[in-house]
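K.L.:
Please find one structure pasted underneath; my questions will follow.
The values are calculated or read from the model by the stated rules, or taken from the named source; none is laboratory data. Treat the numbers as computed from the prediction; the structure is a model and nothing was measured. For neighbour counting, all protein chains shown are included, and Cβ atoms are generated from backbone atoms with ideal geometry for every residue, glycine included. Side chains are part of the model used for accessible areas, which takes the heavy atoms of the whole protein and leaves out ligands, DNA and RNA. Shrake-Rupley method; radii C 1.70, N 1.55, O 1.52, S 1.80 Å.
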Amino acid sequence: MNDPPQHRIPPPAFLGEAAPAAVLAALPGARAVGGCVRDALAGRPVHDVDVAAPLPSEAIAERLRAAGLKVFETGLAHGTVTAVLRRVPVEVTALRRDLVTDGRHAEVAWTTDWREDAARRDFSFNAMSMDAEGRIWDYFGGREDLAAGRVRFVGDAATRLAEDYLRALRFFRFWARYGQGAPDAAALVAIRDAVPGFRARIAPERVWMELKRLLPAPDPSDALALMAEVGLLQAVLPEGAVPDRLGRMIRLGLPADPLLRLAVLLAEDADAGALATRLRLSGEERTRLAVLHRPPEPPNPATAAGFPLRAWRARLHAACRHVRPAEPLWVAEARLGGSGWDMLRQLVEPGDAEPDFPLLGRDLMALGLPPGPALGSLLGKLRAWWLAGDCTADRDALLAEAGRLLGKPGTADGPAAPGGAPRHAEGS
């Protein structure tokens with residue numbers, strides 16, 4: 001078919017990289033599609049390259065292998081393979097048209113019609129394609145929408161959402177990164193109507209995948225507030241969320257870590273454990289969220305003077321090694337407000353290793369204590385004593401304290417008191 005391009009630009013750098021260049025050279029008529037084209041036009045880094053070709057998936061795989069690329073049939077039922085060159089993957093998909101959709105999945109058929117393939121995509125700026133020479137096919141005004149900061153569905157918004165309700169959440173992810181001015185009113189109406197379908201059809205782990213992309217945006221709080229207006233935020237986070245608080249903390253410098261931002265966003269009385277189960281967070285994510293949401297009682301600027309910071313860091317480290325000491329303070333500041341938090345974060349992040357309890361069970365066995373419950377009990381008492389002294393007692397001081405508790409003679413200098421100071425013998 002006669003299919004002239006709408007625009008042409010100097011070929012972006014990503015088209016000249018080895019893996020995308022090899023894929024495009026191996027497949028006649030192939031084009032880069034979707035996010036890589038969008039981000040190249042927006043002047044943003046291109047991370048992943050997707051390619052489409054007007055060929056059946058079997059022919060795509062055959063030609064790629066003949067060109068010396070490794071091919072993995074990662075989604076052959078949907079017309080997709082992954083080509084790998086020098087450990088760089090490129091996802092390659094046959095042009096498709098939808099036969100049947102159910103709100104999340106689609107049955108597709110191969111086509112040679114680029115416009116038909118573009119019409120099944122979500123937003124206008126994701127429906128563009130580009131060949132190796134920098135020629136751009138833009139059937140739905142995506143380049144203009146991108147420049148204007150418009151997030152606009154391809155065709156009728158309600159139809160696109162009924163095909164895949166996850167697009168409701170994707171709308172706000174893209175709005176947080178690309179949106180300018182007032183959002184598309186028709187899209188918001190369609191999303192409000194689509195919320196029941198979203199609740200019924202979208203798997204929780206897909207929700208978390210989108211949230212992990214939405215929350216690190218420069219400031220997603222406006223997008224989250226819009227989500228709340230149309231009822232989608234309540235479907236995504238029924239445990240309770242406070243979008244305004246997240247925006248305030250981002251303006252104060254809150255890092256872009258998605259799990260930390262989720263902890264700031266959550267209401268204080270939210271059940272973080274239920275959320276972690278529902279969204280199917282990994283074990284590490286679950287533990288980290290639990291500690292960020294309910295950390296060991298953290299310091300605050302009003303009580304920092306004399307607060308045992310090393311002991312608090314040790315308790316935090318024991319609860320979750322993947323939580324940095326400053327992170328719970330961001331959550332506490334979001335909930336308590338006030339000033340002085342930046343200085344406190346600097347105090348708890350001195351850059352040295354987290355304090356680790358320096359005594360092991362075998363150290364006590366060397367004092368003559370046999371393995372068993374009594375040994376575990378003594379270790380617990382010694383750790384409590386070490387924490388009470390703000391974790392300053394070293395191994396020798398702890399052994400001296402163990403000797404005192406066991407009724408054994410101390411060291412030459414006497415058993416150490418909490419904080420590592422020598423405890424002088426009575427009557428000296």
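K.L.:
Could you tally the net charge around residue 231, taking each other residue with its Cβ under 14 Å from the Cβ of residue 231, Lys/Arg +1 and Asp/Glu -1? Don't skip to the end; give the middle numbers.
P.N.:
Values: positive: 192, 199; negative: 193, 229.
Value of the local net charge: 0.
K.L.:
A further question follows. Given the chain, what percent of its DSSP beta bridges are antiparallel, to the nearest 5? Mind dumping the intermediate values first?
P.N.:
Values: 27 of 32 bridges.
Antiparallel: roughly 85 percent of the beta bridges in the chain.
K.L.:
How far apart, in nm, are the 7 Å Cα→Cβ label points at residue 158 and residue 110?
P.N.:
3.6
K.L.:
Ok, one more. Sorted from largest to smallest, which semi-axis lengths in Å does the alpha carbon gyration tensor of segment 49-185 give for its equivalent ellipsoid, taking the root of 5 times each eigenvalue? Walk me through the numbers before you get to the answer.
P.N.:
Details: eigenvalues 157, 63, 37 Å².
Here the semi-axes work out to 28, 18, 14 Å.
K.L.:
Under 10 Å, Cα contacts only: if you run a Gaussian network model on the chain, which one of 44, 65, 213 comes out with the highest mean-square fluctuation?
P.N.:
44
K.L.:
Given only helices, namely DSSP H runs of n ≥ 4 each adding -39500 (n - 2.57), what is the per-residue ellipticity at 222 nm of the chain, to the nearest 500 deg cm²/dmol? It would help to have the intermediate numbers written out before the result.
P.N.:
Numbers: 21 runs with 199 residues, N = 428.
It lands at -13500 deg cm²/dmol.
K.L.:
Name the residue, out of 197, 368, 253, whose mean-square fluctuation peaks in a Gaussian network model built on the chain with Cα pairs under 10 Å.
P.N.:
The residue with the greatest mean-square fluctuation here is 368.
K.L.:
Follow-up. What helices does the chain have that are whole DSSP H segments, at least 20 Å long along their own axis by Cα, and with mean Kyte-Doolittle hydropathy of -1.0 or more?
P.N.:
Values: long enough: 185-201 (24 Å, 0.66); 373-388 (23 Å, 0.69).
Qualifying helices, which must be both long enough and hydrophobic enough, are 185-201, 373-388.
K.L.:
So, with +1 on the Cβ of K and R and -1 on the Cβ of D and E, and no other charges, what is the size of the charge dipole of the chain about its Cα centre, to the nearest 20 debye? Don't skip to the end; give the middle numbers.
P.N.:
Details: 53 positive and 54 negative charges, 78 e Å.
Dipole size: approximately 380 debye.
K.L.:
Could you state the accessible area per residue of segment 1-122 in Å², with a 1.4 Å probe and every protein chain left in place?
P.N.:
On the way: 6330 Å² over 122 residues.
I get 52 Å² per residue for segment 1-122.
K.L.:
Over the chain, what is the mean sequence separation of C-alpha contacts under 8 Å (at least six apart), divided by residue count, expressed as relative contact order in percent? Walk me through the numbers on the way to the answer.
P.N.:
Values: 675 pairs, mean separation 37.5, N = 428.
After rounding, I find 9 percent.
K.L.:
Cα centroid distance between segment 153-188 and segment 39-69, in Å?
P.N.:
For segment 153-188 versus segment 39-69, the Cα centre distance is 26 Å.
K.L.:
Compute the FRET efficiency between residue 377 and residue 347 as 1/(1 + (r/R0)^6), taking r as their Cβ-Cβ distance and R0 = 41 Å, and round to the nearest 0.05.
P.N.:
Working: r = 34 Å, r/R0 = 0.82.
Rounded to the nearest 0.05, the efficiency is 0.75.
K.L.:
Please name which of 291, 171, 84 has its Cα lying farthest along the dipole of the chain towards the positive end, using unit charges on Cβ (Lys, Arg +1; Asp, Glu -1) and the Cα centre as origin.
P.N.:
Positive-end residue among those listed: 291.
K.L.:
Given q = 0.10, 0.13 Å⁻¹, what are the Debye log10 I(q)/I(0) values for the chain, with equal point scatterers placed on the Cα positions and solvent ignored?
P.N.:
Debye curve over Cα of the chain, log10 I(q)/I(0) at q = 0.10, 0.13 Å⁻¹: -0.83, -1.12.
K.L.:
May I ask for the net charge around residue 81, where only other residues with Cβ less than 13 Å from the Cβ of residue 81 are counted and Lys, Arg are +1 while Asp, Glu are -1?
P.N.:
My count for the surroundings of residue 81 gives -2.
K.L.:
While we're looking at this one, here's another question. Any idea of the accessible area per residue across segment 254-394, 1.4 Å probe, to the nearest Å²? The partial results should precede the final answer.
P.N.:
On the way: 6620 Å² over 141 residues.
About 47 Å² of surface per residue is accessible.
K.L.:
Between residue 318 and residue 48, 0.36 nm times their residue separation minus their Cα-Cα distance comes to what? Walk me through the numbers on the way to the answer.
P.N.:
Numbers: separation 270, 0.36 × 270 = 97.20 nm, distance 3.73 nm.
Here the answer is 93.5 nm.
K.L.:
Test of understanding: extend the Cα→C-beta vector of residue 206 to 7 Å, then name every residue of segment 225-258 with backbone N under 17 Å from that spot.
P.N.:
Within reach of a label on residue 206: 232-233, 235-237.
K.L.:
Excluding residues fewer than 8 places away in the same chain, name every one of the aspartates and glutamates whose C-alpha is closer than 19 Å to that of residue 70.
P.N.:
Leaving aside aspartates and glutamates fewer than 8 places away in the same chain, those within reach of residue 70 are 17, 48, 50, 58, 62, 91.
K.L.:
OK, next. What is the antiparallel percent of DSSP beta bridges lying wholly in segment 55-176, to the nearest 5? Before the final figure, lay out the partial values.
P.N.:
Numbers: 18 of 19 bridges.
In segment 55-176, DSSP labels about 95 percent of beta bridges as antiparallel.
K.L.:
DSSP loop trypsin sites (Lys or Arg not before Pro) in segment 89-189 with at most 13 other Cβ atoms within 10 Å of their Cβ, which ones?
P.N.:
On the way: sites: 96, 97, 104, 115, 120, 121, 135, 143, 150, 152, 160, 167, 170, 173, 177; in loops: 104, 120, 121, 150, 152.
Passing both the DSSP loop test and the Cβ count: no residue.
K.L.:
Cross-link partners among lysines for residue 408, C-alpha distance below 22 Å, same-chain residues fewer than 8 apart left out?
P.N.:
Result set, ordered by chain and number: 381.
K.L.:
Could you give the alpha-carbon Rg of segment 257-342 over 2.2 N^0.38 Å, rounded to two decimals?
P.N.:
Numbers: Rg = 12.9 Å, N = 86, 2.2 N^0.38 = 12.0 Å.
Here the Cα radius of gyration is 1.08 times the empirical estimate.
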